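> I have a structure here, written as structure tokens, and I will follow up with some questions on it.
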Amino acid sequence: MFFSGRGRLEGELRNTKIRSSDVSHLRILLHGQIGVGKSCFINSVDSAFQHEIKNKAGEAPCSDKSYTKKYKTYKIENGNGGFLPFVMNDVMGLENKDGVQTADVISALLGHVKEGYKFKSDTPLKECDRNYVSNPSPDDKVHCLVTVVSANSLSLMDQSIINKMKTVKERANDIDIPQIVLLTKIDEVCLLVKQDVKKTYTSKKIQEKINQCSNMIGAPVKFIFPVKNYCYESDTNDPTDILIMLALRHMVSAANDYVASL
Ligand SMILES: Nc1nc2c(ncn2[C@@H]2O[C@H](COP(=O)(O)OP(=O)(O)OP(=O)(O)O)[C@@H](O)[C@H]2O)c(=O)[nH]1
Ligand SMILES: [Mg+2]
């Protein structure tokens, strides 16, 4: 049932009408630990809409340092010379030593981080910095926060990283920004899913990981979306696109409800 209707999902997303005249796009922010697939998800969304593998947002080979350093907005082309009604940002990964400062993720959430800012792992962006946007417009602010967690490293997650995620989550809660969780690398924890992405919703292992994720970061199961990013494929396929678009549809719809309520 879940693995049909790719065209309908794509159409819905392409034709989303923004429910506020104050914003020109819905902004989705992805944050999470280093190497969990934040940039890869942005590339996977682009790939799903362009029907070919894309790599706009650079991806990490394998490292304990964040590959993404700059704050950058990614737009998805709509094929008619324009862009889809949502944009995506990812930030430097959370880590104990070399990651992004929690305060910087919160600054990004509130729209205070200037495009192109290079995150520093030792100091947060200060109000006096030229890269600090003092009066962010509704377009600069984030309309949906996505916490990205990797299914294959859930059990290894340090409590200090979980605490950092919770701090960001609480700030987003305070200002009513909707939140969802993206559970990546599901192919790495379930061979059945690796062989056939359509098995995602019947896999016990994936259900187990969703429950574990829910308990660890305190998010309702229905807001945790399992995805397999495009990381080794040379072409796109419907089941992988569908998981990506199901997660994206929820982000876009939550962001749209949020801007309508402002
Ligand atoms: N098997 C598998 N690998 C993935 C998946 N998503 C991402 N990867 C791989 O994980 C590695 C890290 O992905 P990135 O997207 O660079 O991770 P990131 O969260 O942006 O990392 P930083 O920018 O360093 O914080 C890359 O080698 C990806 O190919 C997935 O769903 N499945
Ligand atoms: Mg990255």
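The values are calculated or read from the model by the stated rules, or taken from the named source; none is laboratory data. Keep in mind that what you see is a predicted model, and the values were worked out from it rather than measured. Here the Cβ is made from the backbone with ideal geometry for all residues, glycine too, and neighbour counts use every protein chain on show. The protein model used for the area step is the full one, side chains on, heavy atoms only, and it has no ligands, DNA or RNA in it. Shrake-Rupley method; radii C 1.70, N 1.55, O 1.52, S 1.80 Å.
> Among the candidates Lys126, Lys120, Lys97, single out the residue that is free of Cβ contacts under 8 Å to residues at least 24 places away in the same chain, under 17 Å from Lys65 (Cβ atoms) and not small (Gly, Ala, Ser). Before the answer, list the steps.
On the way: Lys126 fails: under 17 Å from Lys65 (Cβ atoms); Lys97 fails: free of Cβ contacts under 8 Å to residues at least 24 places away in the same chain.
Only one candidate qualifies: Lys120.
> Tell me yes or no: at least one residue of segment 109-118 is farther than 29 Å from Ser261 by Cβ and either in a strand (DSSP E or B) or at pLDDT below 95 (or both). Spell out the reasoning first.
Step one: filter segment 109-118 for residues farther than 29 Å from Ser261 by Cβ, giving 116, 118.
Now drop any that are not either in a strand (DSSP E or B) or at pLDDT below 95 (or both), which leaves 118.
Yes, segment 109-118 has at least one match.
> Just give me the residues in segment 222-248 being open to solvent by 60 Å² or more (accessible area, probe 1.4 Å) and more than 13 Å from Val146 (Cβ to Cβ), in sequence order.
Quick first cut of segment 222-248, residues open to solvent by 60 Å² or more (accessible area, probe 1.4 Å) only: 222-223, 231-232, 234-235, 238.
Within segment 222-248, Lys222, Cys231, Tyr232, Ser234, Asp235, Asp238 qualify.
> Spot the failing condition for Gly218; the list is (1) more than 15 Å from the chain's Cα centre (by Cα); (2) surrounded by 15 or more Cβ atoms within 10 Å (Cβ to Cβ), and only one is missed.
Unmet for Gly218, out of (1) more than 15 Å from the chain's Cα centre (by Cα); (2) surrounded by 15 or more Cβ atoms within 10 Å (Cβ to Cβ): (2).
> Please name all residue pairs, on different chains or six or more residues apart, with Cβ atoms under 8 Å, provided the first residue is in segment 229-241 and is within 22 Å of Asn152 (Cβ to Cβ) and the second residue is open to solvent by 50 Å² or more (accessible area, probe 1.4 Å) and within 16 Å of ligand 2 (Cβ to nearest atom).
Listed by first residue and then by second, the contacts come to Asn229/Lys185; Cys231/Glu59.
> Can you confirm whether Tyr74 is within 14 Å of ligand 2 (Cβ to nearest atom), aromatic (Phe, Trp, Tyr), modelled with pLDDT of 95 or more and farther than 19 Å from Ile175 by Cβ? Step through it out loud before you land on a result.
Numbers: within 14 Å of ligand 2 (Cβ to nearest atom): yes; aromatic (Phe, Trp, Tyr): yes; modelled with pLDDT of 95 or more: yes; farther than 19 Å from Ile175 by Cβ: yes.
Here the answer is yes, as Tyr74 does meet what is asked.
> Can you name the condition, by its number, that Ser150 falls short on among (1) open to solvent by 50 Å² or more (accessible area, probe 1.4 Å); (2) within 13 Å of ligand 1 (Cβ to nearest atom); (3) not hydrophobic (A, V, I, L, M, F, W, C)?
Of the numbered conditions (1) open to solvent by 50 Å² or more (accessible area, probe 1.4 Å); (2) within 13 Å of ligand 1 (Cβ to nearest atom); (3) not hydrophobic (A, V, I, L, M, F, W, C), the odd one out for Ser150 is (1).
> Then there's this: Checking the condition buried (at least 16 other Cβ atoms within 10 Å of the Cβ), over 28 Å from Ile210 (Cα atoms), touching a residue at least 40 places away in the same chain (Cβ under 8 Å) and within 14 Å of ligand 1 (Cβ to nearest atom), which residue from Lys72, Lys164 passes?
Details: Lys164 fails: over 28 Å from Ile210 (Cα atoms).
Every option except Lys72 fails the conditions.
> Pick from Ser39, Ser20, Ser66: which is more than 12 Å from ligand 1 (Cβ to nearest atom) and either among the hydroxyl-bearing types (Ser, Thr, Tyr) or surrounded by fewer than 22 Cβ atoms within 10 Å (Cβ to Cβ) (or both)? I'd like the intermediate steps shown before the answer.
Numbers: Ser39 fails: more than 12 Å from ligand 1 (Cβ to nearest atom); Ser66 fails: more than 12 Å from ligand 1 (Cβ to nearest atom).
Answer to the selection: Ser20.
> Just checking, does segment 151-160 include any residue being part of a strand (DSSP E or B) and not hydrophobic (A, V, I, L, M, F, W, C)? Show your work before the answer.
We begin by selecting, within segment 151-160, every residue part of a strand (DSSP E or B); these are none.
Scanning segment 151-160 turns up no residue that is part of a strand (DSSP E or B) and not hydrophobic (A, V, I, L, M, F, W, C).
> Sticking with this structure for a sec: Within segment 42-63, track down each residue that is crowded, with 18+ Cβ neighbours inside 10 Å and assigned to a helix (DSSP H, G or I).
Answer for segment 42-63, where residues must be crowded, with 18+ Cβ neighbours inside 10 Å and assigned to a helix (DSSP H, G or I): Ile42, Asn43, Ser44, Val45, Asp46, Ser47, Ala48, Phe49.
> Could you tell me whether segment 194-202 includes any residue that is among the polar types (S, T, N, Q), within 14 Å of ligand 1 (Cβ to nearest atom) and touching a Phe, Trp or Tyr at 6+ places or on another chain (Cβ under 9 Å)?
So in segment 194-202, the residues among the polar types (S, T, N, Q) come out as 195, 200, 202.
Pick out the ones that are also within 14 Å of ligand 1 (Cβ to nearest atom) and you get 195, 200.
If we keep only those that are touching a Phe, Trp or Tyr at 6+ places or on another chain (Cβ under 9 Å) as well, we get 200.
Checked against the condition, which is being among the polar types (S, T, N, Q), within 14 Å of ligand 1 (Cβ to nearest atom) and touching a Phe, Trp or Tyr at 6+ places or on another chain (Cβ under 9 Å), segment 194-202 yields at least one hit.
> Output yes when any residue across segment 195-215 is under 20 Å from the mean Cα position of the chain (by Cα) and assigned to a loop (DSSP other than H, G, I, E, B), and no when none is.
No: segment 195-215 contains no residue that is under 20 Å from the mean Cα position of the chain (by Cα) and assigned to a loop (DSSP other than H, G, I, E, B).
> So Pro61 clears everything in (1) more than 12 Å from ligand 1 (Cβ to nearest atom); (2) over 13 Å from the mean Cα position of the chain (by Cα) except one condition, right? Which one?
Pro61 satisfies every listed condition except (1).
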